[in-house]
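Single-structure report; data block below.
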Amino acid sequence: MKIQQISLFLENKPGHLNAICRTLAQAQINIVTLSLADTQQFGIVRLIVEEWQKAKEVLEQAGYVVNVREVVAASVADKPGGMAEVLDIIGKAGVNIEYMYAFAFRHGAEAVLVFRFDNPDRAIEALKAAGRGVFDAVSLFSKPK
Amino acid sequence: MNTTPIIENRIWQPELECLPRPQLLALQAERLRAAVARAATVPFYKEQFAKLGITPEQFKSPEDVRRLPFTNKSDFHNHYPLGLLAVPRSEIARFQGTSGTTGKPTWTAYTKADVDRWADLCARFLVSGGLRPEHTVQISFGFGLFTGGFGLHNGIQRVGAAILPVSSGNSVRQLMCMQDLRPEILICTPSYALKLMDDILNGGLDRKTIAIEHAHFGGEPWTEEMRTRIETGLGIRCWNNYGMAECGGPGLSGECAYRNGMHLQEDQYIVETIDPDTLETLPDGEKGELVVTPLCREALPTLRYRTRDIGIIYDDGFCPCGRTTRRMSRILGRTDDMLIIRGVNVFPSQIEAALMTCESVAPHYMIEVSRPHALDEVTVHIEMQPNMFSDSMKEMQGIRDKIAASIYGVTGLHMHINLVSPNTLERFEGKSRRVNDHRKLVD
């Protein structure tokens, strides 16, 4: 129940993020969501795309350093307290969040968050036990009814 | 040629420094024969002497030094750690070290007599540059493997002055010692003196609370422009000296009160300049690579050491100070890619060795050196490669810290690490130029 995330090394300079987006645009790859982590000198771009193998290939061909990692996409009720509820579940399971970011789209009435956990399997187990949705790629990218 | 002294002209060992020239040359020839005989006990030299048909009796004049093969820094590396020693380990009284071209240092060793002679060599330039027995000397060189700290310490002790061994760094403490104990002499790198000067002049310190009259600089090249800045800024006299660990450390040459360049201590060294391409000895007055043969060293009788330092031995006659020795210019550059960072010798190959300990394959890198204020700053730009990259910022910062720690482990210097995208650093055909040095260290 994990999805693949593409991450890239990025120098903290004007135009560098745009160059990545252009490379993906030329290959007709849509960025479903992304997050940026930055320091003064460099950043890490993390991307969720549908065709991650193709994205990795074109980005590597364009000379980028690319890393693929499994992350967890979980649903959150899109209402006050929704986020806190999920974090409670994860906290009680004793799992640490290395980073997280939100999806740009809603899945039905729910928002979707992307997590990198120190112990993803335990987190997935806890989330499911608490009745929260955890997506694989098929369920995530299928059009919600 | 300057004909008036800047300060009182004093000579520590006039019987050797002012030896009439014919006697000096005879002494050099005699000592050269002895040095060759000592070297013949070291397998590295013994083999070469056998091949070249060299015997000590062939050395009848100082010029005969040209018959000898050269010694390179790589020879120290190839016989690491102590393969060039000419005496049993039990006779070694002191080890010092300097940078090697890999992760390992270059060791130099001294017998008790070597340490003794070295103390006089340091006393010579200290005394000609103002040191008196009643003075206190603040040593702001690092006390450690670096030959500067303990070498000058011994020289000051020989003269009988008081030693204030503050060691390097921590300028707040340096200034406190200077104000509270009021030393008259300061020993440090010229760039550190610039930093202290900035701290004194911009820190609102009353110049009168500091008693420094003379500073002796070493460890890195500097310029006349820097001398003028420090001398006028602080109202002190700054003196230059020269030497390298492989040939015994500081004391090979130093300035006198007339400031006509640095007097070579020719009773203990034969110094030549060579064309680094043809390896032919050059006439005095021509710029070339300095080649040094210590004549008295027992522990490590290095012959014709190629210093890679570029300089000139002057051909304009003898200095009015009374010394009969030839003089050399400031160091005008290097014939290899060695850098001197805050007084520490650094080879790009050391940085490569440090990177190799972090990553199985050394990534493409570039070393950028600047002197934004008084002190040198180094940034190592490193191209990312897939095995170094992680989506976790914590891991990325960990990689950066690990590289910085590894470079510190090899060089002893803190350098900035800048991770850059692949294929963004300039590529060079043939001999790669890994260094971009923005400093102006030569007049």
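Any read-out appearing in this document is the output of simple, stated calculations on the displayed coordinates, not a laboratory observation. Keep in mind the model is a prediction, meaning the values are calculated, not measured. FYI the Cβ positions are ideal-geometry reconstructions off the backbone, even for glycines, and counts take in every protein chain you see.
Can you give the local net charge around B:THR101? Use residues other than it whose beta-carbon is closer than 12 angstrom to its beta-carbon, Lys and Arg +1, Asp and Glu -1.
So the environment of B:THR101 carries a net charge of -1.
Please compute the alpha carbon radius of gyration of the range B:340-437, then divide it by the globular-protein estimate 2.2 N^0.38 Å. Two decimals is fine. Don't skip to the answer; put the middle values down first.
Values: Rg = 13.3 Å, N = 98, 2.2 N^0.38 = 12.6 Å.
Rg over 2.2 N^0.38 Å, computed on Cα atoms: 1.06.
Just going by the charge dipole of the range B:32-190, with Lys and Arg at +1 and Asp and Glu at -1 on Cβ, which of B:LEU84, B:PRO190, B:GLN58 is farthest out on the positive end?
After comparing all options, I get B:GLN58.
For B:TYR269, list long-range residues whose amide hydrogen, built 1.01 Å from N in the peptide plane, is under 5 Å from its own amide hydrogen.
B:LEU295
Counting only other chains, and only Cβ atoms inside 10 Å, what mean value do you get across the residues of B:390-398?
Per residue, the average neighbour count from other chains is 6.
So if I take the alpha carbon set of the protein assembly as shown, get Rg, then get Rh from the Kirkwood formula, what is the Rg over Rh ratio?
1.13
Please work out the C-alpha center-to-center distance from the range A:48-122 to the range B:335-376 and express it in whole Å.
The range A:48-122 and the range B:335-376 have Cα centres separated by 40 Å.
Per residue, what volume in Å³ does the Cα convex hull of the range A:70-141 take up?
Cα convex hull per residue, to the nearest whole number: 85 Å³.
Calculate the dipole size of the protein assembly as shown relative to its Cα centre from +1 charges on Lys and Arg beta carbons and -1 charges on Asp and Glu beta carbons; express the result in debye to the nearest 20.
Magnitude of the dipole: close to 560 debye.
May I have the extent of the alpha carbons of chain A along their three principal axes, as whole Å values ordered from largest to smallest?
Reported extents, whole Å, longest axis first: 43, 37, 26.
Per q in 0.07, 0.16 Å⁻¹, report the Debye log10 I(q)/I(0) for the range B:1-335, using one uniform scatterer on each alpha carbon and no solvent.
-0.28, -1.43
If you average the sequence gap of Cα pairs under 8 Å that are 6 or more apart and divide by the length of chain B, what percent do you get for the contact order?
On the way: 909 pairs, mean separation 73.1, N = 443.
Reported relative contact order: 17 percent.
For the range A:3-69, what are the per-bin percents of Cα-Cα distances with bins 5 Å wide, up to the bin holding the maximum?
Going from the shortest bin to the longest, the percentages are 4, 18, 34, 28, 13, 4, 0.
Putting +1 on Lys and Arg Cβ atoms and -1 on Asp and Glu Cβ atoms, find which of B:PHE150, A:PHE103, B:LEU355 reaches farthest to the positive end of the dipole of the protein assembly as shown.
Selected residue: A:PHE103.
A:ASN96 to A:LYS2: extension gain in nm, 0.36 nm per residue of separation minus the Cα-Cα distance?
Length difference between fully extended and current span is 32.2 nm.
Within the set of other residues whose C-beta is less than 14 Å from the C-beta of B:ALA29, count the net charge using Lys and Arg as +1 and Asp and Glu as -1.
0
Any chance you could get the radius of gyration and Dmax over the Cα atoms of the range B:1-151, in Å?
18.7, 54
Taking every pair of alpha-carbon atoms in the range B:88-159, give the share separated by more than 13 Å as a whole percent. Can you show the working numbers first?
Working: 1731 of 2556 pairs.
Cα-Cα pairs in the range B:88-159 separated by more than 13 Å: 68 percent.
Computed over the Cα atoms, what is the radius of gyration of the range B:227-294 divided by 2.2 N^0.38 Å, N being its residue count?
1.34
Residues with beta-carbon under 11 Å from that of B:ILE340, excluding B:ILE340: net charge, scoring Lys, Arg +1 and Asp, Glu -1?
Neighbour charge sum, excluding B:ILE340 itself: -1.
Could you let me know the centre-to-centre spacing of the range B:180-242 and the range B:115-175, using Cα atoms, in angstrom?
15 Å
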